[in-house]
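The values are calculated or read from the model by the stated rules, or taken from the named source; none is laboratory data. Just so it is clear, the structure is predicted and the values come from calculations on it, not from any experiment. Cβ placement follows ideal geometry from the backbone for every residue including glycine, while neighbour counts extend to all protein chains displayed. Note: areas computed on protein heavy atoms with side chains; ligands, DNA, RNA excluded. Shrake-Rupley method; radii C 1.70, N 1.55, O 1.52, S 1.80 Å.
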Amino acid sequence: MEGLCFLTRPDVLGVNVLHGENYHLGMSVSFDFQSRLSSDDARLKGLPDVHYGPKLRLFGDYTVRAFTGAVAAYQDIAGTGQGLTATADIFMSAPIGNWLISMGPGLTCANATYTKTLFGITPQESAASGLPHYDTGSGMRDIHFNVNATYKISPHWSASVEAVVGRLEHYAAGSPITERWLDLNGVASVLYRF
C-alpha cells in the first residue's frame, strides 16, 4: 500500500488518502466471502441464507520501529445484513533475509445488525429450524492471532502466506448456530508491485 491507489487481496480498489513513511489512512472497497446457506448443514435448515458482498473499509495504521498498530472498519454496502465490524491489530515484524515475518494479536467487534444476521435466531426462525430463540447485540466478535510471512522474489514480485487463528466471543460464541469457538483461516498469494 505504498502508493496513492492500490489493488490487494481482499480489496478491489483502495485509496491511501493520507500516507507517509510510517502511516496510512484510507478507504477501499473490500470483497468479503463470508456467507451461510441453509443447505450448508442440516442444522441450518429453516434459517435464512446469508450472502456475501462488498464492504466499504476505512483503515489506518502506524508503524514505530518493528511494531505496527492497525485499525479498520468494514461496512456492508450490498444490503446483505452484515452491518458493521471493526478490527484492531498489533503486529511485530522482523526481516530475515528476503523474508518479512509479522505476527501479533487482534480483536474484532461487531454491531447488532451483524450479530443478528450471523448469530441471532428470531422466534420465527426458531420455529422453522428447531434451534432455540437467541437475541444478540453489539459487542466483541472474536480475539485472534495473525501470522504473515512474505518472501521478496524480486523488486517487483513477492509471495505471501497468512494464517489467522481466532476464538469467537460473546454473542458469536454463545449462539446455537455456532458449532466451534476456534477458527483457523489461511491464504497464500503472489504479489506484483508496479
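Of the residues Ser30, Ser38, only one is modelled with pLDDT under 90, closer than 23 Å to Cys109 by Cβ and touching a Gly at 6+ places or on another chain (Cβ under 9 Å); which?
After ruling out the rest, the residue left standing is Ser30.
Give the range 70-101 a look and list any residue that's more than 26 Å from Pro54 (Cβ to Cβ) and touching a strand residue (DSSP E or B) at 6+ places or on another chain (Cβ under 6 Å), or say none.
Within the range 70-101, the first condition is being more than 26 Å from Pro54 (Cβ to Cβ), and the residues that meet it are 90, 92-101.
Of everything in the range 70-101, those that are more than 26 Å from Pro54 (Cβ to Cβ) and touching a strand residue (DSSP E or B) at 6+ places or on another chain (Cβ under 6 Å) turn out to be Ile90, Met92, Ser93, Ala94, Asn98, Trp99, Leu100, Ile101.
Going by the structure shown, is Arg180 open to solvent by 30 Å² or more (accessible area, probe 1.4 Å), part of a loop (DSSP other than H, G, I, E, B) and among the basic types (Lys, Arg)?
Here the answer is yes, as Arg180 does meet what is asked.
Step by step: first the residues of the range 90-130, then only those that are closer than 25 Å to Val164 by Cα, among the β-branched types (Val, Ile, Thr) and part of a strand (DSSP E or B), then the one that is least open to solvent (accessible area, probe 1.4 Å). Which residue is that?
So the residue we want is Thr108.
Please specify each residue of the range 60-72 satisfying the condition of being more than 12 Å from the chain's Cα centre (by Cα) and surrounded by 15 or more Cβ atoms within 10 Å (Cβ to Cβ).
Gly60, Asp61, Thr63, Thr68, Gly69, Ala70, listed by residue number.
Just to be sure before I move on: is Asn185 open to solvent by 80 Å² or more (accessible area, probe 1.4 Å) and polar (S, T, N, Q) in the structure I sent? If you could, list the steps in order and put the result at the bottom.
Working: open to solvent by 80 Å² or more (accessible area, probe 1.4 Å): yes; polar (S, T, N, Q): yes.
Judged against the criteria, Asn185 is a match.
Would you call Gln75 under 15 Å from Gln34 (Cβ atoms), of a type in the set (S, T, N, Q) and surrounded by fewer than 19 Cβ atoms within 10 Å (Cβ to Cβ)?
yes
Mind listing whichever residues of the range 131-158 are of a type in the set (S, T, N, Q), open to solvent by less than 30 Å² (accessible area, probe 1.4 Å) and closer than 27 Å to Gly174 by Cα?
Selection gives Asn146 alone.
Within the range 46-62, can you find the residues that are aliphatic (A, V, I, L, M) and touching a residue at least 40 places away in the same chain (Cβ under 8 Å)?
Within the range 46-62, the subset aliphatic (A, V, I, L, M) is 47, 50, 56, 58.
Residues satisfying the conditions are Leu47, Val50.
Considering each residue of the range 50-89, count those that are farther than 27 Å from Ile153 by Cα, of a type in the set (Val, Ile, Thr), out of contact with any Leu (no Cβ under 8 Å at 6 or more places or on another chain) and assigned to a strand (DSSP E or B), and give that number.
2
From the list Leu84, Leu107, Leu118, exactly one residue is within 19 Å of the chain's Cα centre (by Cα), closer than 16 Å to Gly174 by Cα and aliphatic (A, V, I, L, M). Which is it?
Unique residue meeting the criteria: Leu118.
Only one of Thr136, Thr115, Thr150 is among the β-branched types (Val, Ile, Thr) and out of contact with any helix residue (DSSP H, G or I) (no Cβ under 9 Å at 6 or more places or on another chain). Can you tell me which?
Working: Thr136 fails: out of contact with any helix residue (DSSP H, G or I) (no Cβ under 9 Å at 6 or more places or on another chain); Thr115 fails: out of contact with any helix residue (DSSP H, G or I) (no Cβ under 9 Å at 6 or more places or on another chain).
Only one candidate passes the filter, namely Thr150.
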